[in-house]
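Scroll down for the structure; my scribbles are underneath it.
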Amino acid sequence: MFKKAGKTVSALLTTAMLVSALAACSSNGGNTGGATNAPANSGTNEGAGAATGIDTSKAVELQFYMLGDAPKDLASIQDEINKMAKEDLNATVKFNYTSWTDWDQKYKLLLGSGQQVDLIFTAEWTQYQSYAKKGAFQPLDELLPKAAPALNEFVPKDMWEAVKIDGKIYTVPATYKEYVTDGFVWREDLRKKYNLPTPVDIATFEQYMDGIKKNEPTMTPLSMNSDVKTNLMDRFKAISHSPVGALPYGIDVKYDSPGEVSSYWGSEDQKSDLVTLKRWQDNGYMVKNVLAVKDTLQDQVTSGKAAAILGDNPTRFNDMVIKIQSTHPDWELGYYPYPKTNGIATPVHPIHNGFAIPASSKNAERALAFYEKMVTDKRYNLLTQYGVEGKNYEVKDGYYTMIGDSTSNGFPREGMNGWAWRNPEFMLFDKNYDGVKAIFDELDKIQVPDKFTGFAEDYTSYQAERAALEQVEKQYLFPLNAGLVKDVDAGLNTFMEKAKQAGLEKIQAEYTKQWLAYVQEQGIK
């Protein structure tokens, strides 16, 4: 059923788009700064979101779960939010965070244990589609008009349609247009100092890392951590092979031929890639204990431990720029987006950032009414996105400005990781974000449809095999990805043998069947 994926060759570009000192953790929806970039003064939705038709007579505490790490000033922000929520909805909220360490396992536990969770972040990379199919979330279609009428009107109808799974809405999508496509990140000051190539593909990125290794022996060229599946292999494949998306189980579908499915695992492509990654490890481009590293990729660069990230999005890159400007103003970062090389620039899909109400919630109406406040009420929105004005930030000439620096400020811009409840009418941007807007303008010129994110996998028929394969990946594939297996051929053969024993062929066959049905139903070409 599967044909072997043919070896692809990355084209070297002779031009590069350098962006230094720009790009923020969110993306720009069309504002470029100045007076037009200060919606805090407009108040279009101010006071909006008053819930109607729900019973608020009984006080409740809502359990709100976000991924990542909490900001230092979270407790004081939570206190202020609760003062308003108590008055508006007779509710208080407890903001909980998973941390980035093994977040996926914690997420799975939150949704599978029956623990009381009232609101939880969703995205395609948290498997929203599959969880929705499995009944992990409550449908919102009937709740929205009753508990959150303003939110129901605020989100465009086409976005509500885009997040539907089997005809029902299970998450509230973010309305802010951005690109979260990856790009190379590097220390541009060091590139200039040692006259190194600008990274635009794997070959030039490797040359850059080699130059860092030779000239800065105490610095690790590549920032990497234990999540080698996402941070190393998915990104390596994204720039090398132009896949339709980060498909699981070794499935390979090229963007230009979505109806043709092959197996990347066991292919000559994979073997060639693993040889490259072993060379990176042997040459000291990443640390030997990479599978034990829990630090974020960004922190390793901003602290000076590492010189480059294989792939990150423009908005998160800007956060790094802001942090470095406050702590190491003599450093400079560079950025080059993958789409400038591979031509795949897809605007973020509505599924990418959202909030759902888990099946375990006993407070669905109140939770949705509260989330409406987070999105459409400027008081809630600004407080949870930027902190306290005058303490955490100020607005100068229409631009967001952090007070203090990243070490002294307990609530940086979007410190709660509140990507999903961004409201374009209220958003504040720092001046560096003009650079992100410049990147987005470039990507707008070459944007193409997102062919993958709307696909909803149903793994009911191979759930046991899927769990077994996950363990095989961790034991046999992750060390290969990290370049830690001496004999790549033997290591790959062992992995494939164990994967097949776990049920790989059944999984790939069923996934392929579902994928091809999706492509045909959606008319994707």
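For the chain, averaging the sequence separation of C-alpha pairs within contact (under 8 Å, six or more residues apart) and dividing by the residue count gives a relative contact order of 29 percent.
So if we plug the beta-carbon distance of Thr276 and Asp102 into 1/(1 + (r/R0)^6) with R0 = 30 Å, what FRET efficiency do we get, rounded to 0.05? According to the calculation, E is roughly 0.65.
In the range 147-220, the inverse of the mean reciprocal separation of distinct Cα atoms equals 16.4 Å; this is its Kirkwood hydrodynamic radius. Hey, could you get me the Stokes-Einstein D for the range 370-525, Kirkwood radius over alpha-carbon pairs, 10 °C and 1.306 mPa s, rounded to whole µm² s⁻¹? D = 77 µm²/s. Per q in 0.09 1/Å, what log10 I(q)/I(0) does a Debye calculation on the alpha-carbon atoms of the range 328-461 return? Rounded to two decimals, the profile gives -0.41. Just round it to a whole percent: the fraction of Cα-Cα distances in the range 250-395 exceeding 27 Å. That fraction is 53 percent. Could you tell me which residue out of Phe452, Thr101, Tyr476 lies farthest along the dipole of the chain toward its positive end? Charges go on the beta carbon: Lys and Arg +1, Asp and Glu -1, centred on the Cα centre. Of the listed residues, the answer is Tyr476. Here, the chain has an Rg and a Dmax of 23.0, 68 Å when only alpha carbons are counted. Sequentially through the range 259-276, phi angles give Karplus couplings (6.51, -1.76, 1.60; θ = phi - 60°) of x, 10, 10, 9, 10, 5, 5, x, 7, 5, 4, 5, 4, 5, 5, 5, 5, 4 Hz, Gly and Pro residues having no value and appearing as x. Across the range 496-503, computed HN-Hα scalar couplings (Karplus, 6.51 cos²θ - 1.76 cosθ + 1.60, θ = phi - 60°) run 5, 4, 5, 5, 5, 5, 6, x Hz from first to last residue, x flagging Gly and Pro. Ordering Val180, Pro258, Thr220 by Cα displacement along the dipole of the range 175-266 toward the positive end leaves Thr220 in first place; charges were set at the Cβ atoms of Lys, Arg (+1) and Asp, Glu (-1). Phi angles of the range 371-385 translate, via the Karplus equation with coefficients 6.51, -1.76, 1.60 and θ = phi - 60°, into HN-Hα couplings of 5, 4, 4, 4, 8, 9, 9, 4, 4, 5, 5, 5, 5, 7, 9 Hz per residue; Gly and Pro are given as x. This model, with +1 at the C-beta of Lys and Arg and -1 at the C-beta of Asp and Glu, gives the range 168-233 a dipole about its Cα centre of some 100 debye. Dipole orientation for the range 284-336: of the candidates Thr327, Val290, Ala307, Val290 has the Cα lying most toward the positive pole (charges on Cβ; Lys, Arg +1; Asp, Glu -1). From its DSSP helices (H runs of at least four residues, each -39,500 (n - 2.57)), the chain gives a residue-normalised ellipticity at 222 nm of -11000 deg cm²/dmol. How far apart, in nm, are the 7 Å Cα→Cβ label points at Ala467 and Lys146? The answer from the label model is 3.5 nm. Most simply put, the chain has about 60% antiparallel DSSP beta bridges, counting only bridges with both residues inside it. Cross-link pairs exceeding 28 Å between alpha carbons, from the set Lys294/Lys437; Lys271/Lys498; Lys305/Lys378; Lys164/Lys525; Lys271/Lys437; Lys72/Lys340: Lys294/Lys437; Lys305/Lys378; Lys271/Lys437; Lys72/Lys340.
None of the figures in this text is laboratory data; all of them are computed from the coordinates on show. Since the structure is predicted, the reported quantities are computational estimates derived from the model, not experimental observations. Glycine also receives a Cβ, built like all others from the backbone with ideal geometry; neighbour counts cover every protein chain displayed.
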